[in-house]
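Structure first, commentary second.
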Amino acid sequence: MQASTQKAPIYLDNHATTRADPRVVEAMLPFFLDEYGNAASSSHRFGWAAADAVDRAREQVAAALGVEPGGIVFTSGATESNNLALKGLARGSSGAGRTHLITAASEHRAVLDPMKRLAREGFDLTIVGCDGEGLVDPDRVAAAITDKTLMVSVMTANNEVGAINPIAEIGRICRARGVFVHTDAAQAVGKIPVVDLVNHVDLLSLSAHKLYGPKGIGALYVNRQRGMKLLPLFDGGGHERGLRSGTLPVPLVVGLGAAVAIADRERPAEAEQILILRERLKTALERLIPATQVNGPAANRLPGNLNMSFQDVDGSALLMTLRDLAVSSGSACSSTEPEPSHVLMAMGLDEETARASLRFGLGRFTTADEVDRAAQAVAIAVAALREHSIAWPGRG
Ligand SMILES: *Cc1c(COP(=O)(O)O)cnc(C)c1O
């Protein structure tokens with residue numbers, strides 16, 4: 001190993017965000033510098049070029065989902081898509097007598113918080129639990145549905161433990177009861193096949209920066225056959241069929257389209273390669289470190305996700321020690337909070353084990369060498385922290 005690469009930082013935080021693929025950046029550049037028109041300017045060629053690029057990106061996103069391009073609404077990311085789906089449908093449907101909403105305890109805050117706001121506005125909210133692996137049981141969802149239920153929101157894949165939920169089954173149950181289904185697929189699109197599940201949902205959120213695209217752009221798929229009335233989050237020029245006013249960020253839209261198209265094409269081979277590296281990391285950590293535990297499902301798991309607890313070690317202390325390794329304890333959005341991960345707690349872990357956990361997120365650019373160095377770095381850090389821990393019985 002070369003001395004110069006010895007200290008190069010290692011990025012294993014691909015659930016928080018991903019490096020933009022150079023091919024994506026390449027595709028975006030002309031739309032900053034040459035084709036900089038407003039896609040809504042219909043009277044000149046600058047506008048036409050921008051509108052053509054937006055059309056193409058919309059087709060790319062729709063093709064990867066297996067839906068009509070007219071159902072794709074560009075937003076600023078999955079947070080906005082979730083807010084538009086949940087608040088838009090709930091507020092747009094009020095008066096129809098359906099005032100009950102259902103979601104799951106393992107959801108991202110970008111679903112839980114809009115749902116809680118809707119509850120403060122007067123909707124009834126049921127938060128169903130997940131199982132010990134972080135999976136949402138369709139039977140629990142079915143049992144929570146009443147004749148007042150408007151909508152169910154369950155994420156496709158969990159951002160902390162990689163659990164892939166049975167969305168098609170949940171969708172079938174909801175459809176049979178006349179309940180709309182939203183899924184936050186920010187961690188799923190480009191990582192696992194989604195075409196089959198899209199047939200069973202009415203609304204789906206995705207984000208470009210989770211799939212090697214730019215930050216600040218995402219999409220909401222709206223199934224237009226289902227007659228949902230969505231209230232926009234804000235008013236303005238009436239872009240995106242009135243659902244999302246505001247000038248489209250054409251370079252970002254182009255980047256989203258390119259990122260989705262690349263992921264769609266390369267996903268099978270890439271997922272296989274990432275899974276091999278994930279298993280290599282897991283094996284190395286288990287071999288080098290005693291008293292570990294893998295959190296999350298054995299099967300039905302995102303290929304790039306590993307979540308592991310290290311007994312008697314504080315996750316945030318571990319993170320501080322691992323200066324050159326980018327990993328996360330809990331989700332990135334909540335790692336400034338002292339609270340342990342709400343997902344691990346919902347899975348039934350005790351607080352100490354939840355706090356002793358790290359999330360590793362492998363991605364397109366992860367190498368075997370990085371995985372090996374990461375495992376060694378974690379092993380050294382855990383051993384050092386345990387050396388000072390009163391609780392650890394192996395201490396000398
Ligand atoms: C990252 C993420 C989000 C937020 O996406 P943004 O595009 O950053 O707003 C929402 N849900 C899940 C599951 C995520 O992983």
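The values are calculated or read from the model by the stated rules, or taken from the named source; none is laboratory data. This one's a predicted model, so the numbers in the text were calculated from it and none came from an experiment. A quick note on method: Cβ atoms are made from the backbone with ideal geometry, for glycine too, and the neighbour counts reach across all protein chains shown. With ligands, DNA and RNA removed, areas are computed over all heavy atoms of the protein, side chains included. Shrake-Rupley method; radii C 1.70, N 1.55, O 1.52, S 1.80 Å.
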Check residue 55 against each of (1) within 16 Å of the ligand (Cβ to nearest atom); (2) of a type in the set (Asp, Glu); (3) open to solvent by 50 Å² or more (accessible area, probe 1.4 Å) and name the one condition it does not meet. (1)
Tell me, which helices (runs of 4 or more DSSP H) lie completely within the range 1-69 with 1 or more residues that are within 17 Å of residue 256 (Cα to Cα)? 22-28, 30-33, 45-65
Residues (under 25 Å from the mean Cα position of the chain (by Cα) and surrounded by fewer than 19 Cβ atoms within 10 Å (Cβ to Cβ)) located in the range 288-300: 293, 294, 298, 299, 300
Looking only at the range 194-226, count how many residues are away from the ligand (no atom under 12 Å from the Cβ), of a type outside the set (Ser, Thr, Tyr) and touching a residue at least 60 places away in the same chain (Cβ under 8 Å). 8
Of all residues in the range 111-142, which are touching a Cys at 6+ places or on another chain (Cβ under 8 Å) and within 16 Å of the ligand (Cβ to nearest atom)? 136
The range 224-252, subset open to solvent by 70 Å² or more (accessible area, probe 1.4 Å) and more than 28 Å from residue 24 (Cα to Cα), residue modelled with the highest pLDDT: 231
Given the residues 67, 61, which is the only one that is away from the ligand (no atom under 16 Å from the Cβ) and closer than 28 Å to residue 240 by Cα? 67
Among (1) buried (at least 24 other Cβ atoms within 10 Å of the Cβ); (2) closer than 28 Å to residue 299 by Cβ, there is one condition residue 101 misses while meeting the rest; what is its number? (2)
Could you tell me whether the range 369-388 includes any residue that is modelled with pLDDT under 95 and not in a helix (DSSP H, G or I)? yes
Report yes if residue 209 is open to solvent by 10 Å² or more (accessible area, probe 1.4 Å), touching a Lys or Arg at 6+ places or on another chain (Cβ under 8 Å) and part of a helix (DSSP H, G or I), otherwise no. yes
Is one or more of the residues making up the range 301-311 among the small types (Gly, Ala, Ser), surrounded by fewer than 22 Cβ atoms within 10 Å (Cβ to Cβ) and not in a strand (DSSP E or B)? no
Criterion (in the same structural domain as residue 122 (by TED's automatic domain parsing) and open to solvent by less than 20 Å² (accessible area, probe 1.4 Å)) met by exactly one of 74, 46, 31: 74
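Okay, residues lined up against (1) over 24 Å from the mean Cα position of the chain (by Cα); (2) open to solvent by 20 Å² or more (accessible area, probe 1.4 Å); (3) modelled with pLDDT under 95; (4) small (Gly, Ala, Ser):
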{"position": "11", "(1), (2), (3), (4)": "no, yes, no, no"}
{"position": "18", "(1), (2), (3), (4)": "no, no, no, no"}
{"position": "25", "(1), (2), (3), (4)": "no, yes, no, no"}
{"position": "38", "(1), (2), (3), (4)": "yes, yes, no, no"}
Taking the range 168-183 and keeping only residues that are open to solvent by 10 Å² or more (accessible area, probe 1.4 Å) and part of a strand (DSSP E or B), one is left with 180
Could you list, in sequence order, the residues of the range 78-94 that are crowded, with 24+ Cβ neighbours inside 10 Å and near the ligand (Cβ under 9 Å from one of its atoms)? 78, 81, 82
Scan 155, 115 and give me the residue that is open to solvent by less than 10 Å² (accessible area, probe 1.4 Å) and touching a residue at least 40 places away in the same chain (Cβ under 8 Å). 155
